[in-house]
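Here is the structure we will look at.
The values are calculated or read from the model by the stated rules, or taken from the named source; none is laboratory data. On a predicted model such as this, the values are computed, not experimentally measured, just so you know. Don't worry about glycine lacking a Cβ; one is built from the backbone with ideal geometry, like all the others, and counts go over all protein chains shown. These area figures cover heavy atoms from the full protein model, side chains too; ligands, DNA and RNA do not enter into them. Shrake-Rupley method; radii C 1.70, N 1.55, O 1.52, S 1.80 Å.
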Amino acid sequence: EILELECDILIPAAMENQIHDGNARNINAKVVVEAANDPTTAEADKILSERGIYLLPDIMVNAGGVTVSYFEWVQNQTNQQWDLEQVNSRLQKRMYTVMDVVFSRWQKFVVGEAQSSDENLAAEEGEKPSFRSIALSIAIERVASATLMRGIWP
């Protein structure tokens with residue numbers, strides 16, 4: 001019931017599949033921010049989109065822990081120790097950059113400036129892709145680019 005309360009921003013942060021096809025039609029938020037891993041099912045994602053509820057996906061919003069784990073690995077590999085301010089500063093920069101890049105590409109669809117290579121993200125003419133689709137497409141582009149640059153074997 002708490003997920004269905006009227007609010008501006010809903011942040012499911014506990015467990016997966018909290019928002020599903022059984023309750024997605026009753027969500028009364030303007031924005032859903034996925035702080036948990038996979039809290040929204042694919043069916044619910046579609047329902048929320050159809051209802052005009054924006055969803056910021058876990059792969060963007062919930063990436064802080066994985067990013068800081070990477071920072072720990074870098075510190076271990078280089079025999080460094082960063083103070084908390086340095087870690088937080090680096091994390092903030094990365095998270096802001098990700099949000100800016102995804103929002104910027106999404107916004108191109110809103111104002112009609114999407115490049116022809118992006119057109120396949122929109123299922124129908126005039127339909128805008130979700131933030132999740134944009135984030136995934138950028139991730140795939142980055143992996144493809146790194147693979148082409150480095151080759152299959154690092």
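What's the ranking of 86-97, 142-153 by average number of surrounding C-beta atoms within 10 Å, highest first? The partial results should precede the final answer.
Details: 86-97: 13.2, 142-153: 8.9.
Descending packing order for the listed peptides: 86-97, 142-153.
At a Cα cut-off below 29 Å, give the lysines reachable from Lys93, other chains included and same-chain residues fewer than 8 away excluded.
Partners within reach: Lys30, Lys108, Lys128.
From the phi angles alone, apply the Karplus equation (6.51, -1.76, 1.60; θ = phi - 60°) to region 54-71 and give each ³J(HN,Hα) in whole Hz, x where the residue is Gly or Pro.
6, 10, 8, x, 4, 5, 9, 6, 9, 8, x, x, 5, 5, 5, 4, 5, 4
Computed from the coordinates I sent, Cα Rg over 2.2 N^0.38 Å equals one of [x] 2.25; [y] 1.19; [z] 1.43. Tell me the label.
Computed from the coordinates, Cα Rg over 2.2 N^0.38 Å corresponds to [y].
Can you list residues whose amide H is under 5 Å from Leu55's amide H, if they're 5+ apart or on another chain and H is modeled 1.01 Å from N?
Amide H neighbours of Leu55, under 5 Å, 5+ apart: Val32, Phe131.
Counting only helical runs of four or more DSSP H residues, what would the 222 nm mean residue ellipticity of the chain come to if each run contributes -39,500 (n - 2.57) and the total is spread over all its residues?
Working: 5 runs with 75 residues, N = 154.
Roughly -16000 deg cm²/dmol at 222 nm, from the helical runs in the chain.
Given an 8 Å cut-off on Cα distances and at least 6 residues of separation, report the relative contact order of the chain as a percent. Could you put the intermediate results ahead of the total?
On the way: 171 pairs, mean separation 25.4, N = 154.
The normalised contact order for the chain reaches 16 percent.
Just to confirm, what accessible area per residue do you get for the chain at 1.4 Å probe, in whole Å²?
Details: 10690 Å² over 154 residues.
Per-residue value: 69 Å².
Excluding Pro57 itself, what net charge comes from residues whose Cβ is under 12 Å from its Cβ, given Lys and Arg +1 and Asp and Glu -1?
Working: positive: Arg132; negative: Glu34, Asp38, Asp45, Asp58.
Here the charged neighbours net out to -3.
Using the Karplus curve 6.51 cos²θ - 1.76 cosθ + 1.60 with θ = phi - 60°, work out ³J(HN,Hα) for each residue of region 37-53 in order, rounded to whole Hz, and write x for Gly and Pro.
Running phi through 6.51 cos²θ - 1.76 cosθ + 1.60 with θ = phi - 60° gives 7, 6, x, 10, 6, 4, 5, 5, 4, 5, 4, 4, 4, 4, 7, x, 8 Hz.
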